[in-house]
1. Can you confirm whether ASP64 is among the acidic types (Asp, Glu) and surrounded by 11 or more Cβ atoms within 10 Å (Cβ to Cβ)?
2. If you check ILE29, ILE81, ILE69, which single one turns out to be surrounded by fewer than 14 Cβ atoms within 10 Å (Cβ to Cβ) and either out of contact with any Lys or Arg (no Cβ under 6 Å at 6 or more places or on another chain) or on the phi > 0 side of the Ramachandran plot (or both)?
3. Restricting attention to helices (runs of 4 or more DSSP H) lying wholly within the range 103-216, give those where 1 or more residues are of a type in the set (Ser, Thr, Tyr).
4. Based on what the data block shows, is ALA116 hydrophobic (A, V, I, L, M, F, W, C) and open to solvent by less than 50 Å² (accessible area, probe 1.4 Å)?
5. Among the residues of the range 204-256, write down those that are among the acidic types (Asp, Glu) and farther than 21 Å from PHE272 by Cα.
6. Say whether the condition of being surrounded by 11 or more Cβ atoms within 10 Å (Cβ to Cβ), among the aliphatic types (A, V, I, L, M) and part of a helix (DSSP H, G or I) is met by at least one residue in the range 44-52.
7. Give the residues of the range 226-245 that are surrounded by fewer than 19 Cβ atoms within 10 Å (Cβ to Cβ) and in a helix (DSSP H, G or I), sorted by residue number.
8. Kindly indicate whether LEU86 is over 27 Å from PHE233 (Cα atoms), in a helix (DSSP H, G or I) and open to solvent by 40 Å² or more (accessible area, probe 1.4 Å).
Amino acid sequence: MSSVATGGGARPTRRAVALTTGLLVLFLIYALAPTWFLIVSATKNQTDLYSTFGLWFSSNHLTDNLQDIWTYHDGVFTRWIGNSILYSTLGAAGSTLVSLAAGYGLSKFDFRGRGALFALIVGASLLPSTLLAFPLYLVFAQIGLTNTIWSVLIPYFINPFGVYLGKVYADSSIPTELMEAARLDGAGELRIFWSVALRLMRTGGITIFMLVFIDIWNNFFLPLFMLTGERTFPVSLGLYSWLQQAQTARDMNTLVLTGSLLSIVPLAVFMFALQRYWRSGILMGSLK
């Protein structure tokens with residue numbers, strides 16, 4: 001027999017609660033299984049990796065694997081981690097500033113074609129980034145910027161989905177009356193944006209920064225097209241190069257698996273450090 005909540009809404013049945021809980025548990029297992037596999041595999045040597053059960057531990061060789069990965073090829077893995085942090089931080093910072101400025105302009109200024117421009121931005125946000133990697137390579141090859149840091153930073157600065165979020169956050173967090181009061185006090189439009197709008201959109205800006213940072217960290221195809229020098233690789237492309245070597249020469253699977261585990265540690269630290277911002281930021285964006 002179903003019951004009715006005091007607030008007027010029907011309470012979920014036990015069957016519905018059990019079904020929802022079961023689906024959430026399955027989703028949790030599906031999400032954590034790859035990480036668990038990496039943790040277990042990072043503790044094994046080459047022999048145990050192929051001869052023991054993949055989802056449980058055998059003898060512990062984690063220290064040896066960590067020493068190998070930090071010293072292999074003059075410590076190139078450390079360089080890849082540094083490159084990923086550099087590309088992700090600068091790319092996310094530039095993209096956040098451009099997205100907030102463009103979103104603020106679309107939200108607070110009325111001009112001809114604003115609706116069509118916003119529709120175009122929403123449509124562009126639906127394009128997969130892998131589809132644009134080769135055209136971007138042709139453009140950057142023409143201007144001689146391939147295999148430079150700018151070939152992977154500049155494309156990240158323009159983020160249609162970030163512009164969309166910037167407009168949503170500007171709509172919900174900046175009162176038009178406050179801008180009019182600032183104009184009456186003599187503030188120019190640029191000062192209003194820097195001194196008023198950016199402060200009010202801080203939570204939204206951190207959310208955009210976080211989303212773009214993760215997207216850049218995990219991006220693979222753009223660096224694959226743009227970068228050729230091993231010392232310029234981000235960690236995702238560097239691990240891929242090791243994986244290719246493992247298929248043709250030395251068996252480097254333990255290095256690849258240990259490196260994959262280490263590559264998610266900075267992301268985990270980043271997420272926990274900003275969790276109090278992105279929770280409220282995502283909620284703010286979802287309510288609009």
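The values are calculated or read from the model by the stated rules, or taken from the named source; none is laboratory data. Predicted, not measured: the structure shown is a model, and the values here were computed from it. Because the Cβ atoms are built from the backbone with ideal geometry, glycine has one as well, and the counts that use them run over all protein chains shown. Keep in mind that these areas ignore ligands, DNA and RNA; they rest on the heavy atoms of the full protein, side chains included. Shrake-Rupley method; radii C 1.70, N 1.55, O 1.52, S 1.80 Å.
1. Considered against the rule, which asks whether it is among the acidic types (Asp, Glu) and surrounded by 11 or more Cβ atoms within 10 Å (Cβ to Cβ), ASP64 comes out as yes.
2. ILE29
3. 114-125, 129-142, 149-157, 160-173, 176-184
4. In short, no.
5. The answer is GLU230, ASP251.
6. Looking for residues that are surrounded by 11 or more Cβ atoms within 10 Å (Cβ to Cβ), among the aliphatic types (A, V, I, L, M) and part of a helix (DSSP H, G or I), one finds at least one in the range 44-52, hence yes.
7. GLU230, ARG231, TYR240, SER241, LEU243, GLN244, GLN245 - these are the residues of the range 226-245 that are surrounded by fewer than 19 Cβ atoms within 10 Å (Cβ to Cβ) and in a helix (DSSP H, G or I).
8. It is false that LEU86 is over 27 Å from PHE233 (Cα atoms), in a helix (DSSP H, G or I) and open to solvent by 40 Å² or more (accessible area, probe 1.4 Å).
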